[in-house]
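The values are calculated or read from the model by the stated rules, or taken from the named source; none is laboratory data. Remember, it's a predicted structure, so these values are computed and weren't measured experimentally. Cβ sites come from the backbone with ideal geometry, for glycine too, and all protein chains shown count toward neighbours.
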Amino acid sequence: MSNTSVRFMPIRPLNYTESEIIKEIRRVILEECKGSVPSQTRFLQLARISIWTIKTKFGTYAHAIKKAGFVYEDASAKCTPKRVAANLQEVLNRTNGYYFTFSFYRQNGGLYSFQRIKSILNAPKWVDVMQIIGAKQKPYLVRTTAHAQRLKALASLTESDLFKEIARVWQVKGRRPTYSEFRQASQFGMKIYESRFGSWVKAVASFCSTQKTHVQGKAGTRVTKKILLDELQAFQRKRHGDLLTYDFYKAGGGTYSIGTFQAHFRSWTKAVEAVGGISGRQARYSMDDLFDEMQRLWEQLGRQPSWREMWKGGKISPKCYKSVFGSWTKAVYAFCKDRNPSSPEVFSETANQTDRPFTQNATETPITIPNSVQDSQIQVRKTGRSVPKRLRFRVLQRDNFTCQACGRSRVKHGVVLQVDHIIAYTNGGETVLVNLQTLCTDCNSGKSNL
């Protein structure tokens, strides 16, 4: 059985020449877009090269397209009052002639930015744009009986009832809820709080006054270490032992700035330490940790992960890879070099010493095999039973991250893939590339060792 070497190649080179950029432009236009020149946004989605690299080499995207032998017509060149009005009219037809917002316009075939529309049509406000194209105001909705009953029920709520709702949402979030968070979670809505107290901030201030606690996040409030630690503790419980970074804290609705923590704890790291967490700066990863995490995400996606995908789905920030290797692309190159061993057949790294092939040193006592033992009873193994991570990754990529029995993949069908011996290890099969295949858990569990 022939053994062909499988190599893992990054999707982007480290450095691009002008000829390589032109070749990639032609590939995207001819193969991906069927001969039509894509916009810059569409090109960025399809190409293996960024717009910024193109502009660095050629100055502009249009000039690079021209160098590749095509003509690029920028949307701004076709932006005339007649075209803008026609595009607005197309969207207006979808609303049966009624007023629509700019967000609706962009989501339903709108081609131009608000600034360009205003400059072309000489309309300072979006309301003026609607008047120019003849949009009608939506008819006034008569309040139904159910709506009137709801207003009556809200009017009967006491201050205590409103404060109990704030306390409920506060307890669910584990901290002071933001305006948008409370609007989504509250069963009363926001208007009643704004009408009763004047604003959401004043409602929170009144609530905290009754509870005799400090108002978290209110301007002019004296922030204490206890307030900060209570809020950090709530975020730490969400991480379940993972890193507690400031980015995660703010993305989850954190109240205070990094400067507030620095003023009270001297640094974000010391604030995280105070609640028993680990900050991003304290994390120390070995090369194996970095490569194993990239491999995990690569196997999950069935392809090379991007910076954004590592940021969202990875357990290690892509910034860590950048700080170690200089850039994300260089990290991918280092990973591929590490996962591409020199020998395509036998891997010496295994999980434990018992799996390694025996090599006799000069200081070791020779092993004597009794004559009574027949040769057929001796089975000399070259490899261990466990599949090393590098070899596992090569098998998965060779098989296109697809089960070789049923054809399902993790990306499309959500199955869990495993690397299995074609000839069972107990029957003499070695842990080598040609004797391994990708199977899903269902197919592998039903496979016999015979």
Qualifying positions in segment 74-124 - surrounded by fewer than 17 Cβ atoms within 10 Å (Cβ to Cβ), under 36 Å from the mean Cα position of the chain (by Cα), within 23 Å of ALA62 (Cβ to Cβ) and not charged (D, E, K, R)
ALA75, SER76, ALA77, SER113, GLN115
Selection from segment 140-198 of residues that are among the β-branched types (Val, Ile, Thr), modelled with pLDDT of 80 or more and either part of a loop (DSSP other than H, G, I, E, B) or more than 21 Å from TYR249 (Cα to Cα) (or both)
THR158, ILE166, ILE192
Of all residues in segment 319-333 being of a type outside the set (D, E, K, R) and without any contact (Cβ under 8 Å) to a residue 12 or more places away in the chain, the one that is surrounded by the fewest Cβ atoms within 10 Å (Cβ to Cβ):
SER323
Could you tell me whether segment 357-378 includes any residue that is within 27 Å of SER445 (Cα to Cα), part of a loop (DSSP other than H, G, I, E, B) and at pLDDT below 50?
no
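Taking segment 399-412 on its own, how many of its residues are part of a helix (DSSP H, G or I), surrounded by fewer than 18 Cβ atoms within 10 Å (Cβ to Cβ) and touching a residue at least 12 places away in the same chain (Cβ under 8 Å)?
1
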Can you tell me which residues in segment 1-19 are surrounded by 15 or more Cβ atoms within 10 Å (Cβ to Cβ) and at pLDDT 70 or above?
PRO10, TYR16
Filter pass, ARG308 being closer than 24 Å to VAL411 by Cβ and at pLDDT below 80:
no
I'm trying to understand the selection: among the residues of segment 384-409, which are among the basic types (Lys, Arg) and in contact with a helix residue (DSSP H, G or I) (Cβ under 7 Å, 6 or more places away or on another chain)?
ARG385, LYS389, ARG390, ARG394
Segment 53-75, subset closer than 13 Å to VAL37 by Cβ and not in a helix (DSSP H, G or I), residue modelled with the lowest pLDDT:
ASP74
Mind checking which residues of segment 202-223 are β-branched (Val, Ile, Thr) and modelled with pLDDT under 80?
THR213, VAL215, THR221, VAL223
